[in-house]
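Following: one structure in structure tokens, then a few remarks.
The values are calculated or read from the model by the stated rules, or taken from the named source; none is laboratory data. Keep in mind the model is a prediction, meaning the values are calculated, not measured. Note: ideal-geometry Cβ built from the backbone for every residue, glycine included; neighbour counts use all protein chains shown. For the accessible areas, the whole protein counts, side chains as well, though only heavy atoms, and no ligand, DNA or RNA atoms are used. Shrake-Rupley method; radii C 1.70, N 1.55, O 1.52, S 1.80 Å.
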Amino acid sequence: MFTYGVKYVGEFKDGEFHGQGTYTFASGDQYTGEFKDNVVHGQGTYSYANGDRYVGEYRDGKRHGLGAATLADGGQYIGESRDDMMHGPVSYT
């Protein structure tokens, strides 16, 4: 199931990631938050190895709902996402 450099620490249900957990990717990216049936689902934080970070809602493994992306250069997007794409009014500071 896991490839080299990947790590999951968290809750399981019926042998699948389910509940709160932290998944670290081989790339150095890390997701901490809610899982449902082995998929990112609910509230969570995705921290990228390059210093960018997204905090918000996920559905079926994609950013979906309200959230904020903070870029490594200090810029910040706040708004809504649907199916991993920014949607509707977005604020950038």
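Say we look at the stretch 46-62 and pick out the residues that are charged (D, E, K, R) and under 20 Å from His18 (Cα atoms); which of these is least open to solvent (accessible area, probe 1.4 Å)? First the steps, then the outcome.
Within the stretch 46-62, the subset charged (D, E, K, R) is 52-53, 57, 59-60, 62.
Adding the requirement that they be under 20 Å from His18 (Cα atoms) leaves 57, 59-60, 62.
Working: Glu57: 66, Arg59: 113, Asp60: 110, Lys62: 88 Å².
Going through the qualifying residues, I end up with Glu57.
Taken over the stretch 20-45, the criterion of being under 12 Å from Lys62 (Cα atoms) and open to solvent by 40 Å² or more (accessible area, probe 1.4 Å) is satisfied by Val39, His41, Gln43. Taking the criterion of being under 18 Å from His41 (Cβ atoms) and acidic (Asp, Glu), the residues of the stretch 51-93 that qualify are Glu57, Asp60, Glu80, Asp83, Asp84.
Return the only residue of Thr32, Thr3, Thr70 being among the polar types (S, T, N, Q) and in contact with a Gly (Cβ under 7 Å, 6 or more places away or on another chain). Please lay out each step first, then the result.
Details: Thr3 fails: in contact with a Gly (Cβ under 7 Å, 6 or more places away or on another chain); Thr70 fails: in contact with a Gly (Cβ under 7 Å, 6 or more places away or on another chain).
Going through Thr32, Thr3, Thr70 in turn, just one is among the polar types (S, T, N, Q) and in contact with a Gly (Cβ under 7 Å, 6 or more places away or on another chain): Thr32.
Consider the stretch 1-19 and keep the residues that are within 15 Å of the chain's Cα centre (by Cα) and aromatic (Phe, Trp, Tyr). The one that is surrounded by the fewest Cβ atoms within 10 Å (Cβ to Cβ) is Tyr8.
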